[in-house]
Amino acid sequence: IRFFTHQNTKKKHCQSRAVNYQYYPCKQTVLQLKQTYKKERNCIKEFFLYKMNGRELNSDLEAGETTALIAKPMRSDYHEKTAQKDNHTCDGNGDDDDDDELADLILHMFMANFQYSDDLSRYPKTNPKLPPVVRFKRHRNFYIFEINQFRHWWKTSRLLVRLSGGYEYCLNNLAWFAMGAFNVKKHKQAKRALKSMKAIGRGGVSREFLQNVHPFTRSVRLLLAIARGWEARVDNRFFEVLVAEAFAFMGNRCSRWIGRKGIDGITKSVLFPISAKFIAPYLDQNSRPVIVTMGFIRAILPFALSFQGSRFGRQLTFNTFKYANYRWHPVQSVMKFDKNAGVYQDMELDPELLGIAHRVAVAIDHGDNPVQSRENLLELGFHIFACGSGGHASYRQFVGEKVITLYITPYGPSILDEMPRYIILERRKAVSKTVNSSIINASAKPQAAICGFTYSGAYFQSQEWAALTNRYQLTLDAYERSCKILGTNTAMRHNNPLAGPPRDLQTLKEFIRYGNLPKKQRKDKKRWKNINREVERVARTVAKYQKQGTAPKQVIVYLEGLDCSAKSSTGGLVCSALEKCGYDVRTAQHNRPPNEEQKKKPWMDRGRFEFPEDVYGPDEEKPEYTALVWDRGPAGDFVYGSFASLNKTEKKMKYEEFRQYDAMCRVEDVLFIKLLFVADRDSIAGTLGKRLAHKKIARDLRIWLDANSIPHSREGLEEIEAHIDPTDFVAFNKYKSNLSIFTEFARNTNTLRNRTNMGSPDKYDDHWNVICTTKRYPARLKLLKKFEQQLRRYAVTPTDRVTLVGKFYAYFDPRTVARRLSSIVPENYVEEKHEAKKVSTRAIFQTFLLVLLLYFYAYITWKFDMTDYL
């Protein structure tokens, strides 16, 4: 910070650390500044005022009225160009706008270090308060991590002290000879032998020291529990983590008690009798080996069980909160699906600023053209009032009596030659017209503030950005490790050795899988083994119904849902089961808008949305069993197509067309499986990070293949690069609205039993199933089981399906579903139900287990017995 006296009234230019400034004389004297900021709890340090007052005074000024020069951003050609477009002043007067700018700069230049440690907006705008970390991560803060490391060291050290004390007890000649003289056949001597064993387990001569340090040990654990809850506030889990830490402590103490009592009981009731019969008669030491061995086990076993007890109490609490809040299940009916439940309890951010953040991300876009980004932000109402050579820029927007400030800073490293941005949005009351009030209001605490990251036109919260970058880096690390072991003996030991560079998406995934850490490889191998076993079981079920003649001849698998929600990989498991039993599976892409010929026909015409038999040409032989996968479908027209702007009446017409198409599938004996895939934002961000890494690897593979002496195909690399495109980030930025549209479509096109009268009732379920792929492994297993259930309901009772007579009546009876889609009678619109959440049975049962754990802890600690109060 630089100060100039009244003699230095000439303009001065300098470059600050982050912003280019011009220095001008301030309108206020030092005394006026001092009086102003005394009213604001002395926001400027007195040290700076003394510095200014201590300068050599000018003869034209009275003592103590030294004029300070303050900084103002230099106006570039861009500012002059856009000045006429900008109507952001409070009263239309440019001088007042200059005063507003000067107010913010006075605040940032002369204010002391940010003392509002609990307020995110008071930290420097050029970097986050904390580096982004994935959700649910513990020990993000360095000091909390070190406290936890110290706790584990202290815990292990106490075990070593306990073992050394037990060893010292054994070195005592009196105790040593006494243990060798005990005859455990006798009751009293067995009790004394048990006491000796307990003395070794308690630490012998070190027991007093271990008891004296108990308060310190408890204090460290209490401090760490509070610190873990404090750092979990960023995930809105403060209370949940505190409760989990409390029950983790109870589980720790209970598991230790069980370990000690278990060793005592086994030694007294099992080992002593065995020792008296098989060991003592043949050794002159009698039962001394059993006493010493079980004494040291008694010291070690509670230590080992304490970790499992803590994990049991903590995970039981987390699962109870999960099911009590009715989170998404791996597979559930759309009528029981609550789109607002999610997988975790998200932060309650300001909705106005959150909506602005998404629009700001779209305006910044890729960020490769700063001038274009500024013009886009100007269209949103944001004008720039400070910028710097480091990329930092400050914008402001006036909305009524509010002023919204936007800070944008590049946040490296770049990803695929695109630099992410870190942004902060703050909302305050509108800055007043006078300089005095402007400075005071600029120093006021914001009404609301949010922060996040932008990349490729999408806005990411800190946890979502951490999920993307972590998955991106983990994928690149696995690829690098695979390259290192390529062609080595380690690679050749696998069933599928790394014989060369990957050439398509499937081989790239296998290549990266071999670069994962050994623990993850074993885990993935076990999971895929279980999934393949389930696929084989479902295939055997389908083959059984084929032999009985009740299996469907045609199957449509409709995959719909959010982008990057593992639709193809998860839904493809159903197709794999069908292929194993002789179905000819083909795929139809419906992610393009209809052409001119299709627009002339009804929306759900079979010319666009085909049956499985429609995809075969006149010269192709149609197999007996066929299946067709719809990759995207009719619902996509409401999200990405022209139906997004339809009113409610028009939407009901379209919904009825889809329902009639579904009824037509029943008439034609086509099994129509409708799957809606959803995932939380963190999971989708992680998938985006993985695909970005794949795209970066594809660029490296081009160089790799160009270095070979023989030509190689490049088509597979184009498939890898096309696996992610800018529309994925656009869809992520519209996550909430897209999820609402998809669920609305599924609710209003859901097919219920006995819906139509076509000669016989429909008794097999054909409703929408919502697949939550946040956890891929349980979702895939549950999906295969759900498909088997639908298939069984279709095939077990063939009379429940529409018969030939029913088809005949359906064709001529006008009261049934019409084959032609010209006459449509809209049904009632199905609104989303906002009922009170019902507590699940599992949540009640787990709560009961927590109460039992609490009672057990009270019993072993304070000898609390409920029967005394009954």
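Summary table below
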| read-out | value |
| --- | --- |
| The stretch 594-688: C-alpha pair distances exceeding 22 Å, % | 43 percent |
| Within the accessible area of the stretch 290-408 (1.4 Å probe), percent carbon and sulfur | 55 percent |
| Carbon plus sulfur fraction of accessible area for the stretch 500-558, probe 1.4 Å, in percent | 51 percent |
| For the stretch 343-393, accessible area per residue (1.4 Å probe, heavy atoms of protein chains only), Å² | 46 Å² |
| Sum of side-chain charges, residue 856 neighbourhood, beta-carbon under 15 Å (Lys, Arg +1; Asp, Glu -1) | +4 |
| Estimated distance in nm for a label pair at residue 211 and residue 504, the labels positioned 7 Å out from Cα along Cα-to-Cβ | 7.3 nm |
| Ratio of the Cα radius of gyration of the stretch 623-666 to 2.2 N^0.38 Å, where N counts its residues | 1.44 |
| Relative packing of 352-362, 412-422, 546-556, 245-255, which averages over residues the other C-beta atoms within 10 Å, highest first | 245-255, 352-362, 546-556, 412-422 |
| Distance violations [Cα-Cα > 20 Å] among 601/651; 261/863; 525/786 | 525/786 |
| Mean Cβ count within 10 Å, highest first, over the residues of peptides 139-152, 736-749 | 736-749, 139-152 |
| Of 520/690; 580/782; 553/622; 520/580; 599/674; 600/648, pairs whose Cα-Cα distance is over 21 Å | 520/580; 599/674; 600/648 |
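The values are calculated or read from the model by the stated rules, or taken from the named source; none is laboratory data. All figures in this text were calculated on a predicted structure; none of them were measured in a lab. In this analysis, Cβ positions are derived from the backbone assuming ideal geometry, glycine residues included, and neighbour counts consider all displayed protein chains. Ligands, DNA and RNA are excluded from the accessible area calculation, which covers all protein heavy atoms including side chains. Shrake-Rupley method; radii C 1.70, N 1.55, O 1.52, S 1.80 Å.
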